[in-house]
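Student: Mind having a look at this structure? Questions to follow.
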Ligand SMILES: Cc1cc2nc3c(=O)[nH]c(=O)nc-3n(C[C@H](O)[C@H](O)[C@H](O)COP(=O)(O)O)c2cc1C
């Protein structure tokens, strides 16, 4: 009787499908926390990610808000970047050629100040090689026009999704705002209007004051709170939305390690996004992919899908 050669007792299926986007594992990065991948590519091979979600992109370049635009808070951070970006032309001509060298689907986060702007960006991205999905950002708390104004009502959200749906066959993921009373009704409106998947949550509106200068710490006064401080709220919202719609969800909000990610999957997310965690540890996303696999092995599961929504 010889000794059996070592073999992996069970191979784990990490693949997930987000409204037609085939991800090799359930981990992407949260828009705006990973740029367009270039800086992060120094840390790890971006092909390891389940998908690359890039920063909010508008038709024309946006300058963003005045400085200071970020401040650290207990267990989190506030940001009021104001969606600074180089605009659609730069995404198509400079950023996409770089991203196309990686074997990971690319999701472009789309922002706009009007329905026409969302529609135009969607129409132009429809035929861009390497773009697999559009994440429609109707939840940006730091811009004065458009965006969040749409995302706080079911009607406004549906209008944006319909405008985009009319222009593209790409997978549409609507990114929901937590700054609302009833997130489930907004989720439902997005799905009814043609959204293939949903992502949640964006940041929660907050502020910070310096008691010694007696001034606001952000030039914009308010900013979006992210990081571990918002995780319990994000988890609750993912759970609520998962129970009310029948499309895959990308869960995010304070995911710093693999067990945080697992909590979101148990709450009903099919995939997760790492945001503020990237600033603390640039390797967070890849460590989380490995950690999810370890967790599934320990729990004697053979796939991610086996645990989606399995909280009780
Ligand atoms: C600096 C910063 C920039 C962000 N920019 C965007 C953006 O361009 N578009 C978007 O939809 N969300 C943006 N977000 C929100 C994140 O994608 C994410 O929804 C939120 O931060 C919650 O996840 P986290 O707690 O893991 O960071 C940004 C967040 C941060 C911290």
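Student: Look at residue 247 and say whether it is in a loop (DSSP other than H, G, I, E, B), more than 13 Å from the chain's Cα centre (by Cα), away from the ligand (no atom under 14 Å from the Cβ) and buried (at least 18 other Cβ atoms within 10 Å of the Cβ).
Tutor: Values: in a loop (DSSP other than H, G, I, E, B): yes; more than 13 Å from the chain's Cα centre (by Cα): yes; away from the ligand (no atom under 14 Å from the Cβ): yes; buried (at least 18 other Cβ atoms within 10 Å of the Cβ): yes.
So residue 247 fits the description; yes.
Student: Could you pull out the residue among 141, 105 that is surrounded by 18 or more Cβ atoms within 10 Å (Cβ to Cβ), touching a residue at least 40 places away in the same chain (Cβ under 8 Å), under 27 Å from residue 190 (Cα atoms) and near the ligand (Cβ under 10 Å from one of its atoms)? It would help to see each step written out before you state the result.
Tutor: Details: 105 fails: near the ligand (Cβ under 10 Å from one of its atoms).
Criteria check complete, one pass: 141.
Student: Just to check your reading of the model, which residue among 46, 83, 63, 59 is farther than 20 Å from residue 250 by Cβ and out of contact with any helix residue (DSSP H, G or I) (no Cβ under 6 Å at 6 or more places or on another chain)?
Tutor: Criteria check complete, one pass: 63.
Student: State which residue is farthest from the chain's Cα centre (by Cα) when the search covers only region 185-229 and only residues that are under 23 Å from residue 107 (Cα atoms) and part of a helix (DSSP H, G or I).
Tutor: Among them, the one singled out is 192.
Student: Turning to a different aspect of this structure: Out of 86, 17, which single residue is more than 16 Å from the ligand (Cβ to nearest atom) and either at pLDDT 95 or above or under 20 Å from the mean Cα position of the chain (by Cα) (or both)?
Tutor: On inspection, the qualifying residue turns out to be 17.
Student: On to the next question. Looking for something within 26 Å of residue 71 (Cα to Cα), modelled with pLDDT of 95 or more, more than 10 Å from the ligand (Cβ to nearest atom) and under 17 Å from the mean Cα position of the chain (by Cα) - is there at least one such residue anywhere in region 289-310?
Tutor: no
Student: Here's another thing I want to ask about it. Only one of (1) buried (at least 16 other Cβ atoms within 10 Å of the Cβ); (2) over 25 Å from residue 306 (Cβ atoms); (3) at pLDDT 95 or above is not met by residue 81, so which one is it?
Tutor: Condition (3) is where residue 81 drops out.
Student: Something else: How many residues are under 24 Å from residue 249 (Cβ atoms) and either out of contact with any strand residue (DSSP E or B) (no Cβ under 9 Å at 6 or more places or on another chain) or more than 10 Å from the ligand (Cβ to nearest atom) (or both) if we restrict to region 108-125?
Tutor: 6
Student: Between 112, 2, which is crowded, with 18+ Cβ neighbours inside 10 Å, at negative phi and at pLDDT below 95?
Tutor: Details: 2 fails: crowded, with 18+ Cβ neighbours inside 10 Å.
After applying the criteria, what remains is 112.
Student: Here's another thing I want to ask about it. Return a yes/no flag: does region 221-232 have any residue that is touching a helix residue (DSSP H, G or I) at 6+ places or on another chain (Cβ under 9 Å), within 10 Å of the ligand (Cβ to nearest atom), free of Cβ contacts under 8 Å to residues at least 60 places away in the same chain and under 24 Å from residue 29 (Cα atoms). Write out each step before concluding.
Tutor: To start, the set of residues in region 221-232 that are touching a helix residue (DSSP H, G or I) at 6+ places or on another chain (Cβ under 9 Å) comprises 227-228, 231.
Filter once more, so that each one left must be within 10 Å of the ligand (Cβ to nearest atom): 227-228, 231.
Going one step further and asking which of them are free of Cβ contacts under 8 Å to residues at least 60 places away in the same chain, we end up with 231.
After this cut, where a residue has to be under 24 Å from residue 29 (Cα atoms) as well, the list is 231.
For region 221-232, residues touching a helix residue (DSSP H, G or I) at 6+ places or on another chain (Cβ under 9 Å), within 10 Å of the ligand (Cβ to nearest atom), free of Cβ contacts under 8 Å to residues at least 60 places away in the same chain and under 24 Å from residue 29 (Cα atoms): present.
The values are calculated or read from the model by the stated rules, or taken from the named source; none is laboratory data. Nothing here was measured: the structure is a model prediction, and the numbers come from that model. Every residue, glycine among them, receives a Cβ derived from its backbone with ideal geometry; neighbour counts consider all protein chains shown.
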